[in-house]
Amino acid sequence: MNNPDFSFSLNDPFTQLCIERLKRHPKRIVFSEGEDVRVLQVAQKMVELELGSPILLGNRDKIIQLAKDNQISLKFINVTDPSTSSDLELFIKRLERIERFKGTTIANAREIMTSPFRFASMMIQYGHADAFVGGNQSKATSILRATQQLLKPDPAVPHVFATTLLIGRHLSNFGRDGYVLLADTAINPEPDIDELSAIALSSATFANRLFEVRPRVALLSHSSKGSNLTPSAQRVAAATELAHTKAVKNMIDVVIDGEIQADVALNPLAAEKKVPHMDQKGPVDVLVFPNLDSAHISSKLLQHVSGAKAYGQFILGLNRPVAQIPMTADADVIFGTVAALGVEAISSRERWEARNAI
């Protein structure tokens, strides 16, 4: 096998910010599918930059051989086979306890816990790792099922959803600094009013943690401020009002616009012409879509037509940081996702400590 391209785009300001934050607070990142040269490249880069400790799940002999074939050092990289791990028996007992608490019994606990997705979920739930990345060799549903079965919900996020970070610094009218979060890109097919409002506010707090700004969120529709009174547009308008109410009640510092069209959200000139009375016409940080179809299609079009780079999807609503990456992701995209997820792991730890402070 030829030696792969080890180049990484490390000069992007957002990636640099993540790297600097992780250098100060390194994290343990578990990769559920470690038998992948892209993951090996990312793990080696993490070690080289001193960002944390990579943990690769998979067949140990296969991973060692793959690293040897591609001249990748495994120094300071933890390679773990779930089927032979010393933690397996402990995790089996914990799984059985979880199922008893739910009022169910489980006959194949060992088989279930040797699944890399469930093993990785158990690792982050019980402090053996700080964050979990997977999906590079599997369908997203495998990760979503495992994490929602074994991870506790985040008390601050009422609904589980996914957000994708798009980076398009070469594009005009694309966020504050060329970064935009899209939600929900993976989980809720037709979010209702309460779900849309929760997605908007939770995405805003995530944007604040990543970008360190007062986020502006746009709830998108085919209509702008009542220009088309369809049930879909009215649902987005109601979700916007509910998000406003929740933000005030919970003292969330965020700017929320909706229901508005995509060009109104992104382009101040379009906003001035179409909705001149709208208060906020600045750069947007978060785009909330009315349904999963529109969010997912928009994300793919922006990637494959405009050349925007996508990090994630980041699964929010769980008490531990998780990212699902597509099977088509290159090593650079996986690294960017890991860097952003590591920053979220730092914040997750800080929030946990704050909740449990005496």
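The values are calculated or read from the model by the stated rules, or taken from the named source; none is laboratory data. As the structure is a computational prediction, the values presented were derived from the model and not from experiment. Neighbour counts are summed over all protein chains in view; Cβ atoms, including those assigned to glycine, are modelled from backbone coordinates with ideal geometry.
Quick notes on this one:
- Test: Val30 is under 24 Å from Pro326 (Cα atoms), touching a Lys or Arg at 6+ places or on another chain (Cβ under 9 Å), in the same structural domain as Gly342 (by TED's automatic domain parsing) and of a type in the set (A, V, I, L, M): no
- Residues that are modelled with pLDDT under 95, among the small types (Gly, Ala, Ser) and not in a helix (DSSP H, G or I) within region 136-173 comprise Ser138, Ala156, Gly168, Ser172, listed in sequence order.
- Here Arg28, Arg38 are screened, and the one residue that is under 14 Å from Leu74 (Cα atoms) and either at pLDDT 95 or above or not in a helix (DSSP H, G or I) (or both) is Arg38.
- Among the residues making up region 74-88, those that are under 28 Å from the mean Cα position of the chain (by Cα) and either assigned to a loop (DSSP other than H, G, I, E, B) or farther than 19 Å from Tyr126 by Cα (or both) are Leu74, Lys75, Phe76, Ile77, Asp81, Ser85, Asp87.
- Glu190 being within 16 Å of Val284 (Cβ to Cβ) and either under 24 Å from the mean Cα position of the chain (by Cα) or at pLDDT 95 or above (or both): no
- Within the set Asn291, Asn267, the sole residue that is farther than 18 Å from Ser138 by Cα, among the polar types (S, T, N, Q) and modelled with pLDDT under 95 turns out to be Asn267.
- Of the residues in region 302-317, none is more than 17 Å from Leu182 (Cβ to Cβ) and in contact with a Leu (Cβ under 7 Å, 6 or more places away or on another chain).
- Gly127 over 12 Å from Gly312 (Cβ atoms), without any contact (Cβ under 8 Å) to a residue 12 or more places away in the chain and not aromatic (Phe, Trp, Tyr): yes
- Of the candidates Ser203, Ser227, Ser223, Ser232, the single residue that is free of Cβ contacts under 8 Å to residues at least 60 places away in the same chain, surrounded by 14 or more Cβ atoms within 10 Å (Cβ to Cβ) and in a helix (DSSP H, G or I) is Ser232.
- Yes/no for Pro158 being more than 17 Å from Ala262 (Cβ to Cβ), touching a Leu at 6+ places or on another chain (Cβ under 8 Å) and touching a residue at least 24 places away in the same chain (Cβ under 8 Å): no
- Filtered by the rule that a residue be surrounded by fewer than 24 Cβ atoms within 10 Å (Cβ to Cβ) and assigned to a helix (DSSP H, G or I), region 100-116 gives Arg100, Phe101, Ala109, Arg110, Glu111, Ile112.
- Look at region 164-191: where a residue is within 16 Å of Ala323 (Cα to Cα) and a partner is outside any loop (DSSP other than H, G, I, E, B) and among the acidic types (Asp, Glu), sitting 6+ places away or on another chain with Cβ atoms under 9 Å, you get Asp184/Glu195.
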